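Quick notes on the structure that follows.
Each value in this text was obtained by applying a stated rule to the coordinates, not by laboratory testing. All figures in this text were calculated on a predicted structure; none of them were measured in a lab. Because the Cβ atoms are built from the backbone with ideal geometry, glycine has one as well, and the counts that use them run over all protein chains shown.
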């Protein structure tokens, strides 16, 4: 019976994944022509992909030293020569790569002037991951600058930024998607000879003479320690979203538009880390068009005068930089004020029967109120990042929390700005980040079991009926806690993960860790 119930619960949870509403917008929206850097790099022959080409799977893979070598040689027009090299292999670990790549490693060993001298112990470590600093060093050298002469390795990214190379700065390790963006970015950079890399590559036959650089407006990525990574246009001017657009996509009118001019481009070039489908075109009530991202119209701020200015951030508590990695955003309603939304503007709710770190919404409740799980990490200014957390639900799935309380969607919210879940049953409410302090549900006493050094601690834990017990794993190895009588079972917890159980019935509960049951045991006494 327990197994059948658990199977039914998993079915309900899986249903919730596709029942989460796809919110529509209330104004006419189309799609611009959007080209990713990966598409451009593939079209120009700078990125070849694997056996299936430049696929999403390929773009998501971590890049390696041998890939950096191949890029360097391709941009210098030496790749075919390297592939056909027949001399001695040279590096002792060449056998870990394919035969064609072994030839490339032999070519590098025979041409030390190219700067690929290995790791100093006779090895090259070709499969090691690389970071943005290493890739920018390669690109700078292709442009004609020499490490140790024109720039120091420690200052690589600072020097690269001065040459217009900064889109993936600070990223480690990098993926093939990052490489695509860095390659396309570098095409407009000037070589030491005074012409662009694109012109140089065309002159050397690396890029077809009939090819052309992308002509559309570019969405660029900029970053600060405080704001993280955010969007700018090709000139570095910051782009913003307006929280009041949650209720009305054209809420900014008249004098508002004078202070916050719209951003529009019918042809966009975007970094490979972004999704082309997330960009749209909104036709405003006056017939003008505006570019949208994940349903949010994009704006400039008139007081931003220089590239990198972010003077519009948090103005009036309703203007924030546009970015791709929000864990939660803010919408504003004339009636409800500010409230939390997901990155697409879908309203988020709390359940007044929940207690900290615990959801009591299960079964049919969870179908009507699907659990929210954030994809990003950042929050708007004024919302504390520390207030965004994650719990593990009873079935093992994850759910995002705010100030420790689980966040949900409402299945009947269909359109951008819908808040139909507000006050349903007098227990479901939007989350105003400025005023929310928690639910009114009585908070049971909580005890903690810290899993450390393959142990649940010494001696039994004695608790009161109705108490919560939080298991937290501090080991690198995964652990769980399973009651001998089957009354509770946590999922396998990775390092840093927690799972909460509630014990309502008096008794003695012996438990163990499944992977280490011979020596990892514990006991909870409920009075």
In percent, what relative contact order does the range 35-203 have, based on Cα pairs under 8 Å that are 6 or more apart in sequence?
24 percent
What is the angle, in °, between the Cα long axis of helix 65-75 and the longest principal axis of the Cα atoms in the chain? Nearest 10 is fine, range 0 to 90.
40 degrees
Mind giving me the FRET efficiency for residue 412 and residue 435? R0 is 22 Å, r the Cβ-Cβ distance, nearest 0.05 is fine.
0.35
Between 0 and 90 degrees, rounded to the nearest ten: what's the tilt of helix 132-142 against the longest Cα principal axis of the chain?
10 degrees
Counting only C-alpha contacts under 8 Å and six or more residues apart, can you give the relative contact order of the range 129-178 as a whole percent?
54 percent
Fraction of beta bridges assigned by DSSP in the range 446-526 that are antiparallel (%, nearest 5):
65 percent
What whole-number value in cubic angstrom gives the convex hull volume per residue for the C-alpha atoms of the range 379-527?
149 Å³
Label-point separation in nm, residue 373 to residue 403, each point 7 Å along Cα→Cβ:
2.6 nm
Full extension from residue 360 to residue 283: what is 0.36 nm times the residue separation minus their Cα-Cα distance, to one decimal in nm?
23.5 nm
The whole-number value in µm²/s of the Stokes-Einstein translational diffusion coefficient for the range 35-203, with Rh from the Kirkwood sum over alpha carbon pairs at 37 °C and 0.692 mPa s, is 202 µm²/s
At q = 0.13, 0.24 1/Å the base-10 log of I(q)/I(0) from the Debye formula over the alpha-carbon atoms of the range 446-526 is -0.33, -1.19
As an exercise, take the mean of 1/r over every pair of distinct alpha carbons in the range 56-100, invert it, and state the Kirkwood radius in angstroms.
12.1 Å
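Given the chain, what percent of its DSSP beta bridges are antiparallel, to the nearest 5?
Percentage antiparallel, nearest 5: 75.
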I'd like to compare 434-442, 79-87: which one has the highest average count of other Cβ atoms within 10 Å, and what's the full order after that?
79-87, 434-442
Compute from the Cα atoms of the chain the Rg and the Dmax, the latter being the longest Cα-Cα distance, and quote both in angstrom.
27.5, 82
At 222 nm, what value in deg cm²/dmol follows for the chain if DSSP H runs of at least 4 each add -39500 (n - 2.57) and the sum is divided by all its residues, to the nearest 500?
-5500 deg cm²/dmol
Would you kindly state how much longer the chain becomes between residue 353 and residue 212 on full extension, computed as 0.36 nm times their sequence separation minus their alpha carbon distance, in nm to one decimal?
44.8 nm
Gained length - residue 33 relative to residue 188, 0.36 nm times residue gap less alpha-carbon distance:
53.7 nm
Among the range 454-490, those whose backbone N falls under 12 Å of a label point 7 Å along Cα→Cβ from residue 448 are 470-474
How far is it, in nm, from the label point at residue 465 to the one at residue 315 when both lie 7 Å from their Cα along the line to the Cβ?
6.1 nm
Nearest 5 percent is fine: what portion of the DSSP beta bridges confined to the range 387-502 is antiparallel?
70 percent
From Cα pairs below 8 angstrom and at least 6 apart in sequence, can you work out the relative contact order of the chain, rounded to a whole percent?
13 percent
Rounded to the nearest Å, what's the spacing between the alpha carbon centres of the range 139-158 and the range 306-362? Just the number, please.
41 Å
Label-point separation (nm) for residue 117 and residue 494, each offset 7 Å from Cα along Cα-to-Cβ?
3.9 nm
